[in-house]
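Trainee: Sending over a structure as structure tokens; questions will come in a sec.
Taken together, the values in this text are just the output of simple stated rules run on the coordinates, not laboratory data. On a predicted model such as this, the values are computed, not experimentally measured, just so you know. Every residue, glycine as well, gets a Cβ built from its backbone with ideal geometry; the counts of neighbours run over all protein chains shown.
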Amino acid sequence: MEHKTRNSILLAIVAIAVVVIPTSLIKIEVIDEYTAQILTLAGINAIIAISLNLISGITGQLALGHAGFMAIGAYTTSSLTMQLGLPLPLAIIGGGFMTAVFGFVIGFPTLKLTGDYLAIVTLGFGEIIRVVLINMKGLTGGAAGLKGVPGFTADILAQPVISFAVVTATLVLILAGITNFLLSSYGRAIISIREDEIAAASNGIPVFFYKMFSFTISAFLAGIAGGLYAPFFGYLNPTMFTFLKSVDFLIIVVLGGMGSITGTIIASYVLTYLQEFLRFLKDYRLVIYPFILIFIMLFRPKGLLGRTELSLVGLLNKVLQWRASKAKDDKEARR
Amino acid sequence: MSIGTEILQQIINGIALGSIYALIALGYTMVYGIVRLINFAHGDILMVGAFAAYFFLTRFGLSTIGMVGAFLFSMIVSATFGIVIERLAYKPLRNAPRINALITAIGVSLILENGARVIPFIGPNPRQFPTIKTVNISVLDMSVSNVQIIVVLVSIFLMIALNYIVMSTKTGKAMRAVSYDRKAASLMGIPVNRIISFTFGLGSILAAAAGILFATAYPQVEPYMGIMPGLKAFIAAVLGGIGSIPGAMIGGYILGIAETMTKGFLSSQLSDAIAFGILIIILLAKPTGIMGKNVREKV
């Protein structure tokens, strides 16, 4: 029992440190604004990649339309703030719920399909969402885009700090939530569907219900990521949410390891930074990046972490065990 | 023009467009049938073919012989691309999880598109594709252009040729065997790797032809020209039941007609959404597509 409290305290401290330390570093300008922007964008990418990993890596249902969900979240959030004047946090959560509703409605017919067919239909829905958004000129500004989405704070100078803090804090909260969710009976049921759908069903797990559940939560998270993206960028255009954007997220998930949440987070920071880092290559960057991708696929097909998770508590336990056994060895040696 | 002839006119346009989609869709469906891979780079092979023909035609001029030469040259170039891509990128992943192959295919597609963009003699700007002069023939208030007739005739010829290869030759038989059960086929002494290469080559040849026809109908070539027709043809392949050759043809025509109808009567922006809408409705009604086989998973 005391281990449980110890672990919780450890994780809470780490969580706070992960948010507070970089934020203060940005504040005192040790980390410059440009890097701060990249880190913030990586955080948003991490949230949506987690959402995609939940449905594709953990539930085993390949989805290719998450850019569409992100678009719904982004546009809902910006409409709620710009037209209804709701405060931003409420609007972001509203965006998440709106996307969850869409996820539910879309998931109901599509999750009856499996494998490649599901991937194609979700791709189709993603594209339909985008085309519909282009045609809803009143709300979205159509193909010209939506300008002047209010940022996280009115103060322009404080914008990078606040954006980073908000995005990273949300990411940490989502990470905590999803890790606990996966350890619950719901999470176990969902993993069992990935492992073997038929076996899960014959063990009395309502497969369709859990797929829907996972898909709706995934949509909700994607909506939240979209809601964070809108004020971070300040400008929205349906061309930002094409099929290739969905592919970008899928690449993050696969590189990190399908089914590994921590892997996804590492991969989103690495890949977001890599894309910026390769900018010195100009247009050749567009060729080098897919080459790197193919090399990873050829030589490390299961991604960085595979299905394992990095666990701080696990690490701590290992260190403690190692020290305990060393102390024991020492004692025996002295004897 | 009355509404009846208007509809017929759009159907004619749709058949011309649908033939191109059908040609591309055949490549998707054959590759899927044989290695269970959604070859996202297929649309870009089309672009490669169109550019090969472009360079051939600008070099040797636009005559009947030049046109036939352009077809042959671009087919050879595309087939080489298709086979080399399969060997280098897809073959090592044949036993890896399917998603890895899928991402590799997307990677190859990005390399072809962006590679064409950065190579100095291609570059990002669209270019005028040399085409024959368009002549419109009116029949009963409807107009058919000579380009449309060529498109339809060439595609039908290629589809008949493909059908002959797949159904009546020894290689075709081997292709069908590999797609039915790869392991058993290899036990029967079928050179599986060679057959898979052949399938990629065949699909790329059709894509090259489709590329030339597409570039003739919308007379320009650019590095990203393959994306949209590729995606549409892919929908067509799934619509008809991926893995099924007649299915791909039917799917191509359905999609072509639906697209021109939408453009003619509703709005040109919605046509992509309609294409996906049809796909979704058909998959929900019949999850394996129109001609797809329903394989139930057994324990």
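Trainee: Return the whole-Å distance between the Cα centroid of segment B:1-34 and the Cα centroid of segment A:266-288.
Mentor: Spelled out, the Cα-based centre of one part sits 39 Å from the other.
Trainee: So what are the ³J(HN,Hα) numbers for segment A:292-306, from phi and the Karplus equation (6.51, -1.76, 1.60; θ = phi - 60°), rounded to whole Hz, Gly and Pro as x?
Mentor: 4, 4, 5, 4, 4, 4, 6, 9, 9, x, 8, x, 4, 10, x
Trainee: Another question, then. 5 Å is the cut-off here: which amide hydrogens, built 1.01 Å from N in the peptide plane, fall below it relative to A:A158, excluding neighbours closer than 5 in sequence?
Mentor: HN-HN under 5 Å from A:A158: empty list.
Trainee: Which value at 222 nm does chain A reach when only helices count, each DSSP H run of 4 or more adding -39,500 (n - 2.57), with the total divided by all residues and rounded to the nearest 500 deg cm²/dmol?
Mentor: Roughly -25000 deg cm²/dmol at 222 nm, from the helical runs in chain A.
Trainee: A further question on this structure: Just check segment A:12-304 against the gyration tensor rule for me: Cα atoms, a ≥ b ≥ c as the square roots of the eigenvalues, rounded for a/c under 1.5, and otherwise prolate or oblate depending on whether a/b exceeds b/c.
Mentor: Here segment A:12-304 falls in the rounded category.
Trainee: Run down the aspartates and glutamates and flag those whose C-alpha is under 18 Å from the C-alpha of B:K173, throwing out any fewer than 8 positions away in its chain.
Mentor: Reachable aspartates and glutamates: B:D181.
Trainee: Related question: With a 10 Å cut-off between alpha carbons and a GNM built on chain A, which of A:A36, A:A165, A:A200 moves the most?
Mentor: A:A200
Trainee: Let me ask something additional. Any idea which of B:M159, B:G14, B:Y90 is furthest toward the positive side of the dipole for chain B, if Lys and Arg beta-carbons carry +1 and Asp and Glu beta-carbons -1?
Mentor: Of B:M159, B:G14, B:Y90, it is B:Y90.
Trainee: Got a sec? Charge dipole of segment A:12-304, +1 on Cβ for Lys and Arg, -1 for Asp and Glu; which of A:S268, A:P89, A:Y117 is way out at the positive end?
Mentor: Value: A:Y117.
Trainee: Neighbour counts of other C-beta atoms within 10 Å: give me A:F220, B:F56 arranged from fewest to most.
Mentor: Fewest to most other Cβ atoms nearby, the residues stand as B:F56, A:F220.
Trainee: Here's a follow-up. Treating only the Cβ of Lys, Arg, Asp and Glu as charged (+1, +1, -1, -1), what charge dipole size does the protein assembly as shown show about its Cα centre? Round to the nearest 20 debye.
Mentor: 1740 debye
Trainee: Taking amide H atoms as placed 1.01 Å from N in the peptide plane, list the residues 5 or more away in sequence, or in a different chain, whose amide H sits under 5 Å from that of A:L146.
Mentor: A:L236, A:N237
Trainee: Once every DSSP H run of n ≥ 4 in chain B is given -39500 (n - 2.57) and the sum is divided by its residues, what mean residue ellipticity at 222 nm do you get, rounded to the nearest 500 deg cm²/dmol?
Mentor: -24000 deg cm²/dmol
Trainee: Using the Karplus curve 6.51 cos²θ - 1.76 cosθ + 1.60 with θ = phi - 60°, work out ³J(HN,Hα) for each residue of segment A:187-194 in order, rounded to whole Hz, and write x for Gly and Pro.
Mentor: x, 4, 4, 5, 5, 5, 5, 5
Trainee: Could you work out how far helix B:3-35 tilts from the main Cα principal axis of chain B, as a 0 to 90 degree angle to the nearest 10?
Mentor: Roughly 20 degrees, rounded to the nearest 10.
Trainee: So, one more: Is there a pair in A:K112/B:K183; A:K137/B:K133; A:K137/B:K263; A:K147/B:K232; A:K137/A:K282 whose C-alpha atoms are over 28 Å apart, and which pairs would that be?
Mentor: Long pairs (Cα-Cα over 28 Å): A:K112/B:K183; A:K137/B:K133; A:K147/B:K232; A:K137/A:K282.
Trainee: Then there's this: Please tell me the relative contact order of segment A:185-335 in percent, rounded to the nearest whole number, where contacts are Cα pairs under 8 Å and at least six residues apart.
Mentor: 19 percent
Trainee: Please rank B:S271, B:S155, B:S63, fewest neighbouring Cβ atoms within 10 Å first, as an exposure proxy.
Mentor: B:S63, B:S271, B:S155
Trainee: Explain nothing, just compute: Karplus ³J(HN,Hα) = 6.51 cos²θ - 1.76 cosθ + 1.60, θ = phi - 60°, for every residue of segment A:138-155 in order, whole Hz, x for Gly and Pro.
Mentor: x, 8, 10, x, x, 5, 6, x, 10, 9, x, 5, x, x, 5, 8, 6, 7
Trainee: Please list, in chain and number order, the residues 5+ apart from B:Q220 or on another chain whose amide H is under 5 Å from its amide H, with Hs placed from the backbone.
Mentor: So B:Q220 has HN proximity to B:F129.
Trainee: What is the order of A:V20, B:V147, A:V166, A:V270, fewest Cβ neighbours within 10 Å to most?
Mentor: The order, fewest Cβ neighbours first, is A:V20, A:V270, B:V147, A:V166.
Trainee: Please report, in debye to the nearest 20, how large the charge dipole of segment A:12-304 is about its Cα centre when each Lys and Arg carries +1 at its beta carbon and each Asp and Glu carries -1 there.
Mentor: 260 debye
Trainee: To the nearest Å, what is the center-to-center distance of segment A:116-155 and segment A:11-36, using C-alpha atoms only?
Mentor: Their Cα centres are 31 Å away from one another.
Trainee: List the lysines whose alpha-carbon lies under 18 Å from that of A:K4, not counting same-chain residues fewer than 8 positions away?
Mentor: Once the sequence-local lysines are set aside, what remains near A:K4 is A:K318.
Trainee: Roughly how many whole Å is it from the C-alpha centroid of segment A:43-79 to that of segment B:210-283?
Mentor: 27 Å
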